[in-house]
Structures are given as structure tokens and as C-alpha cells.
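Okay, structure first, notes after.
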Amino acid sequence: MAPSEPNAIPFRPKGEVPKFAEEREGWKGYIEWEKYPEKKKQVEEILRNYDFPDPPEYQLKPLPETNPMLTGERFKQYHYAVGLNDIPDISWQYVLKEKAPDMIHVLQFPYNGEPPRERLVETVITRNQDFFVRNHGGVPEIDADKFTLDIGGLVNEPKRLTLADLQNEAIFPRQSNIVSLQCSGTRRIEQIHEYPGDGDELINAPWGEGAIGTARWTGVSLKKVIKYCGGLKDGAQHIELFGADTYFKKGKVYNYVVSVPWRKVKSHEVLLAWEMNGEPLPKIHGFPLRAVVFGYIGARSCKWLYEIRGIKDPSDAPVQRKEYLYYTPQVGKQNAMYSNGFSIQDMPVSSAIMTPKDMDQIIHDGKIKLRGWAYSGGGHWPVRVEVSNDGGSIWYEVPYDKMSTKYYNAWRLWEIDLPVDAEGWLEFCVRTWDDALNTQPTFVRSAWNWDLHVTSSCHRVKIYSINKARPATAARLKALEERGISITPITKPLPIDLESDEEYAKNMAARGGRDPLE
């Protein structure tokens, strides 16, 4: 079984636990909720009978030094209460099977995880096992041969398609695109550290800089599928996407549902994908079919896609209407409403320094190598990346030949050997300019918002600089090396005198002593 938080209260069912039958042959872990209001009401009544654990405090107190950081006891118990006992463990087994062993488990269930910082920027195309995961529920297990996709709502000719239908190139020409997906929570930890906000560990997990990845996705344009279904009826302006995972919010149960505007679909920027980097979708990434929405917040790229509907207005489902909202800094727990935040769609320009890491202590010879990523959504692309070693007063442009290839809907990786003469604690930061001359706010405070989304401010890391190009530093390093002593960590006191008595006398005389002459 998946590990639990220390001192977690064991779940004890009250009365007989219900058994909700799975909907279809070959579809494990999928319960249809949206078509059955009576089932949803039954779940609400069940959940009202329990006193579930409070969300853990991870913003006003230090995050646990564990991996997983947070385990999601509330969400596990929601599933246990309604008879979905196996889903948390099954989902964790897919993490262990499909993701790299050293993934950073931000939230164990529903699973949120990101790869180690340095490995993420080794390749432009992110390895499947290193690609971040942001799930809202458990992992359904769907047989490809039993899979169907329903297209309905405000379409002229509703249809049910199999995966074989979608992959039939005589009907649907294939489309393949290199696209970055980014969670709106990327770099949220910076907001948490300075200005905490909403504390729900599912909605606002404490992401670092790794909740972004780039893959080559293969499938069929949703526009082609809608055309095959006779097009949309008059008045249809949005497309609703249904995922087979079970999702809980505020004592209610749902399937995962979002929507995208028809204008996005018309531009062939919504792909129904069954392949990721030349391989079938991993189970944890939405097998057998998912949406990939170019340039949009990752939440719109619905996984385990099983139904598509043409609708008039944006979806009323909670993920679309009640989450992924961006508030002004004057809005918080005291006055936040769904209507006074705006829905996050296009991802703004952003970037991050992935190496070195915050609080690293670096010995160098006058230059420090920085590596990172830069991204801009909505069909824009990074044109220029600039870095600073003094907190943002003086900026150095990353050479164009040290940036990866430009794509309309993908990041660029970059590196620079940054001149660094100063020693001691320095603040490095990065900013990106895209093709529309958008750039990043300077400070975290400029972009703080109650739900802690879209940390788009200049990314900053504090580095302790030890410049061996300076003679005094070189001499100290040589003396330590001869004695087999490391200068790092800098917080460990040196076990040797800083200078001999003779050196002290000579140097003090050269300085004119401690006291004035007269």
C-alpha cells in the first residue's frame, strides 16, 4: 500500500461501504458520475457522515523533508468512503512503474510529481519517465480494444468512435506536434515561501520549477473529428472534454471536465493524442487517449478522454468554473469569489534557472554556468533570455547559439557561462522576452495571487560565490586541499587558524594597525 502521513487517522467506514459498479467492460477505475445525479447525491450524503482530516499546514510551517512531501490523506479517505478503495494504491503503483525512481513526489494522491531539476534541461524532448504529472484523481485502467469516444452535445451528427477509428488514416489524417505542457502551479513554492495563500494540497500543491515538460504528441486534430461529426450547431462556441477519473471537491463527486473555446479548436491547436514521444501514452498520462491543448494551462489537456460535447458557454464543471482562477493581490480568503477571478487559459511568458540550485555554494574561476528553460504560451515563443548576477540591475543576454530550437508551442532550453567576479552571497535571476515583447514581472510580490497560480515573476536563486581567480581565495583553497579539508558547506567552521601569527602581524602592519595613529 502507498505510505501515509505520520500520525494519519486510519479510515473507519461508517456502516456498509457502497459499491458503485464500473461502467464498462475493460474500463477499471471509471465510474460515470456526470450522467447520474442520483449517484452524485448518494455520494454527497455519504461524505457528510465523515469528519475527514484537515488539509496539512505546509505554508506557514516548513514542508516535510520527505518524499512524498504530502500524501493526500483526505483524498484517499474520500475514495475509501465511497468504496473506491483500490484506486489510491493502483495509482501509486503506476507512479512506481512508469516514472523515474528519483521523481520528486509533491503529492502522493492524487499524484503530483516533477523530475530532478538538472535532468529536466538535459534534452529538449522530455523523457516520458521524467515528464511531470499533475493528476486530479486516480488512474483509470482502460483497455484500448474496449475504448470508445463519444462526440455529442451541439454537434450535427453525434458519433461514437473507437481508437481504431481515430487511428484510421483513411478517415483522419494524423497530426504530430512538439508541444510543451505546463502546470499553472509551476514555481508555486516561491509564492508560498514569501506570501502564503490557499492551502488545499490538491489544488495548490507546492511545486518547484519542474512542473513543465515537452513531448512530441501524435494523434488527430479535434477540428477534424468535429468536422467528421457534421460540424457544430449554431450557437456552439466551446468544446467540453470529459475525463474518466473521479474527482472530489467540497463534499461532491465529479468526473474531470473542462472546456476549450471553439476558436482554439479551429486553429488545429487541440490534439486528441494517443502517442507520446513515439510510444503509446503511459497510463499515468492518459492512456489510451488524451487532449493536448497547445499553449494553454495544462489543466485543459484532459486525460483519459472519453466524451466530447459541443456547448454554448464555457463548462460549468468545477475545474473550469471554480478553479484555475487568477485573482488580484487585493483578493483573498476575505473576499474571493469565482466571479472576481479570471480563468487562466494562455500560459504567460516564464523561465527558470535549473542549475545551479538555490543555496548552492560554487567554486569557480570567474564564470558560473547557468542552465534553464524559457517558455511562452498562446502560440508565442521565447526570443531572448537574460540573466543577472546582482538581483536584476545588470543583465546579460544568453547567446543565441546557446538556446535550443524555436517552436511555436514549446519551450527553449538555454545555458550561459555567466561572468561572476564578486564573492559571497549573490542573487541570480532570469527573465525571458517573447516574440510579442512580453516579459516577466520583476518580483514574486508583483504576481502573487490568492490561489498561487502562475508564478511568472523573474526566477531567483541565491548562490554563494567562491572565486578562485582571486589570489586570496586561491591560496585558501590550496591550503585546505593540502589538508584534505572541503570549504563546503560554508556553514561548517574551518578547523584551522585563518592565518598564522606571523601573517597576522605582517598584514596588520600593512593595514596600519587597528587604531588611528593619533
- In the stretch 22-127, what trypsin sites (Lys or Arg not before Pro) fall in a loop by DSSP, with at most 13 other Cβ atoms inside 10 Å? LYS35, ARG48
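So for ILE125, ILE284, ILE362, what's the accessible-area order with a 1.4 Å probe, most first?
These residues rank, largest area first, as ILE125, ILE362, ILE284.
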- Item | Under 17 Å from LYS61, Cα to Cα: aspartates and glutamates that are on another chain or at least 8 residues apart | GLU5, GLU190, GLU194, ASP198, ASP200, GLU201
- Candidate aspartates and glutamates for bridging to LYS159, where Cα separation is under 14 Å - those fewer than 8 sequence places away on the same chain excluded: ASP150, GLU307
- Task: Decide, for the stretch 286-431, between rounded, prolate and oblate: order the square roots of the alpha carbon gyration tensor eigenvalues as a ≥ b ≥ c, take rounded if a/c falls under 1.5, and otherwise choose prolate if a/b is larger than b/c, else oblate.
- Result: prolate
- Among beta bridges assigned by DSSP with both residues in the chain, the antiparallel ones amount in percent, to the nearest 5, to 90 percent
- Query: List the trypsin sites (Lys or Arg not before Pro) in the stretch 314-391 that DSSP assigns to loop (not H, G, I, E or B) and whose Cβ has at most 10 other Cβ atoms within 10 Å. Which are they?
  - Reply: LYS333
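Can you flag which of LYS28/LYS249; LYS14/LYS322; LYS41/LYS312; LYS266/LYS322; LYS402/LYS462 are past 28 Å Cα-Cα?
Distance filter (> 28 Å) returns LYS14/LYS322.
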- How do MET276, MET69 rank by accessible surface area computed with a 1.4 Å probe, from largest to smallest? MET69, MET276
- Item | Length-normalised contact order for the chain - Cα pairs under 8 Å, 6+ apart - percent | 13 percent
- Item | Cα gyration tensor shape of the stretch 402-485, rounded if a/c is under 1.5, else prolate or oblate by comparing a/b with b/c | prolate
- With runs of 4+ DSSP H residues as the only contributors, calculate the mean residue ellipticity of the chain at 222 nm using -39,500 (n - 2.57) per run, divided by the residue total and rounded to the nearest 500. -4500 deg cm²/dmol
- Query: What does the accessible area of LEU120 come to, in Å² to the nearest 10, when a probe of 1.4 Å is used?
  - Reply: 0 Å²
- Take the cross-link list LYS357/LYS478; LYS76/LYS264; LYS39/LYS250; LYS35/LYS146 and give me the ones stretching past 28 Å between alpha-carbons. LYS76/LYS264
- DSSP loop GluC sites (Glu not before Pro) in the stretch 140-211 with at most 12 other Cβ atoms within 10 Å of their Cβ, which ones? GLU169
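The values are calculated or read from the model by the stated rules, or taken from the named source; none is laboratory data. None of these values were measured; they are calculated from a predicted model. FYI the Cβ positions are ideal-geometry reconstructions off the backbone, even for glycines, and counts take in every protein chain you see. Just the protein is used for accessible areas: all its heavy atoms, side chains included, with ligands, DNA and RNA removed. Shrake-Rupley method; radii C 1.70, N 1.55, O 1.52, S 1.80 Å.
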